[in-house]
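Visitor: A single structure is presented below for examination.
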Amino acid sequence: MNHLLSIDDLSQGDINRLFFRARQLKKARFSRESEKPNRVIFGLFLEPSTRTRMSFESAASRLGFRWINFDASFSSLKKGESIRDTLLNLAAMEPDLMVMRHYEVLDDALLAGIEIPVINAGDSSREHPTQALLDCFTLLEAFNTDDLRGRTLAIVGDVVHSRVARSTAKLAERLKARVIYIAPLPFLPTGVPRENCYKCFESVEEGVDMVMALRTQKERIFGSLPMCDGEYYQKFGVTKKVLNQFGEDCLLLHPGPANIGVEIDEMAMLDKRSLILTQVKNGVFVRASVMEWLMNTGDRCG
Ligand code: NCD
């Protein structure tokens with residue numbers, strides 16, 4: 001089935017095609033795009049969301065599709081129905097597409113027999129492919145380039161529990177960026193070269209062109225935190241001072257939601273180097289291009 005569950009599902013040709021279409025949609029501001037009013041999309045968000053859900057929903061509506069939201073808190077999940085059975089029932093209604101956020105992994109077992117394309121809008125701490133696409137789209141647009149060759153992205157904070165970090169790092173590396181991580185030891189990823197991992201800002205001596213701050217995913221941490229919020233801010237908060245350390249042209253990303261005064265400060269968010277609201281703006285166009293593609297044919301480029 002033509003799902004989009006991971007960045008690994010996309011070839012370089014697919015990525016180029018999605019970015020090309022997102023650029024077209026952004027330029028045209030969606031004009032004359034509402035030619036398929038009968039298409040129906042189900043949104044199933046089993047975890048809270050502001051940006052992801054609203055941008056999918058507004059992109060669907062700008063494209064003339066009908067978005068129907070599944071209200072998990074008032075559904076038969078509350079009567080003991082399983083998520084798998086809920087999905088089979090929703091798929092039986094034959095929507096054209098389902099957009100799903102789940103606190104567990106969206107895997108083959110869960111989706112077996114679902115003949116409707118599914119877009120992963122964030123699953124557990126595994127992947128968030130459309131966030132990665134909008135992050136990288138925003139960076140390519142800002143640098144006005146086709147790839148991130150010769151540039152370094154520093155991902156700061158709770159990498160280990162972050163689906164955004166996992167997907168964005170993968171895509172940035174596909175686009176030839178070097179990705180480094182700055183975090184307290186328990187938040188650093190395993191399986192990446194040790195020379196790409198730093199335990200404080202001061203020890204980073206290489207150049208950094210892009211910095212992405214991450215929220216600590218407290219809802220996924222069952223033991224104690226490495227330190228309290230105040231100490232975390234002192235040591236790992238992305239402030240103007242940190243941006244200045246990386247230089248005048250260092251761009252700032254954050255997927256949201258931001259905890260101001262913990263992983264980031266307001267002055268950094270408002271700085272001219274910040275792309276945070278541009279990420280949100282571009283999310284609508286990028287998600288529109290992904291939905292349109294999967295609904296139309298979902299043909300993969302080689
Ligand atoms: C993130 C998510 O839900 O994965 N936000 C988003 O989708 N823009 C990050 C987070 O919750 O910290």
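Visitor: Please go through the range 184-227 and pick out each residue that is under 24 Å from the mean Cα position of the chain (by Cα), more than 21 Å from V242 (Cα to Cα) and either among the small types (G, A, S) or open to solvent by less than 10 Å² (accessible area, probe 1.4 Å) (or both).
Guide: Within the range 184-227, G191 is the sole residue that qualifies.
Visitor: Report yes if some residue within the range 259-268 is in contact with a helix residue (DSSP H, G or I) (Cβ under 6 Å, 6 or more places away or on another chain), closer than 30 Å to A59 by Cα and buried (at least 18 other Cβ atoms within 10 Å of the Cβ); otherwise report no.
Guide: Checking the range 259-268: at least one residue is in contact with a helix residue (DSSP H, G or I) (Cβ under 6 Å, 6 or more places away or on another chain), closer than 30 Å to A59 by Cα and buried (at least 18 other Cβ atoms within 10 Å of the Cβ).
Visitor: So the check is Cβ under 9 Å with 6+ separation or different chains; which pairs have a first residue in the range 246-261 that's closer than 22 Å to G207 by Cα and in contact (Cβ under 8 Å) with a residue 60 or more places away in the chain and a second one that's among the small types (G, A, S) and open to solvent by 30 Å² or more (accessible area, probe 1.4 Å)?
Guide: The qualifying pairs are F246/G207; L251/A142.
Visitor: How many residues are under 30 Å from E219 (Cα atoms), surrounded by 15 or more Cβ atoms within 10 Å (Cβ to Cβ) and either without any contact (Cβ under 8 Å) to a residue 40 or more places away in the chain or among the hydrophobic types (A, V, I, L, M, F, W, C) (or both) when one looks only at the range 48-67? Give the derivation first.
Guide: Start the filter on the range 48-67 by keeping residues that are under 30 Å from E219 (Cα atoms), which leaves 48-60, 67.
Now narrow it down to the ones that are surrounded by 15 or more Cβ atoms within 10 Å (Cβ to Cβ): 49, 51-53, 55-60, 67.
Narrowing further to those that are either without any contact (Cβ under 8 Å) to a residue 40 or more places away in the chain or among the hydrophobic types (A, V, I, L, M, F, W, C) (or both): 56-57, 59-60, 67.
Going through the range 48-67 one residue at a time, the tally reaches 5.
Visitor: Filter the range 277-302 down to the residues that are within 16 Å of the ligand (Cβ to nearest atom), open to solvent by 20 Å² or more (accessible area, probe 1.4 Å) and either in contact (Cβ under 8 Å) with a residue 12 or more places away in the chain or among the polar types (S, T, N, Q) (or both) and list them by number.
Guide: T278, V280, V284, listed by residue number.
Visitor: Applying the selection to the range 48-60, what residues are closer than 17 Å to R21 by Cα and touching a strand residue (DSSP E or B) at 6+ places or on another chain (Cβ under 8 Å)?
Guide: F56, A60
Visitor: Another question, then. Take residues that are within 16 Å of the ligand (Cβ to nearest atom) and either touching a Gly at 6+ places or on another chain (Cβ under 6 Å) or among the acidic types (D, E) (or both) and tell me which of the strands (runs of 3 or more DSSP E) falling wholly in the range 75-157 contain 1 or more.
Guide: Passing ranges, in order: 97-102, 118-123.
Visitor: Does T130 meet the test of being of a type in the set (V, I, T) and either surrounded by 16 or more Cβ atoms within 10 Å (Cβ to Cβ) or touching a residue at least 60 places away in the same chain (Cβ under 8 Å) (or both)?
Guide: Yes: the conditions hold for T130.
Visitor: Looking at the structure I just gave you, is A59 among the aliphatic types (A, V, I, L, M) and away from the ligand (no atom under 16 Å from the Cβ)?
Guide: Taking the combined requirement at face value, the residue does not satisfy it.
Visitor: Need the failing condition index for D85 against (1) surrounded by fewer than 16 Cβ atoms within 10 Å (Cβ to Cβ); (2) at pLDDT below 95, just the number.
Guide: (2)
Visitor: Take the range 240-258 and flag every residue that is away from the ligand (no atom under 16 Å from the Cβ) and surrounded by fewer than 18 Cβ atoms within 10 Å (Cβ to Cβ).
Guide: Matches in the range 240-258: K240, K241, N244, Q245, G247, E248, D249.
The values are calculated or read from the model by the stated rules, or taken from the named source; none is laboratory data. It should be emphasised that the depicted structure is a prediction, and the values quoted were computed from it without experimental measurement. A quick note on method: Cβ atoms are made from the backbone with ideal geometry, for glycine too, and the neighbour counts reach across all protein chains shown. Each accessible area value is taken on the protein alone, full model and side chains, heavy atoms only, with ligands, DNA and RNA left out. Shrake-Rupley method; radii C 1.70, N 1.55, O 1.52, S 1.80 Å.
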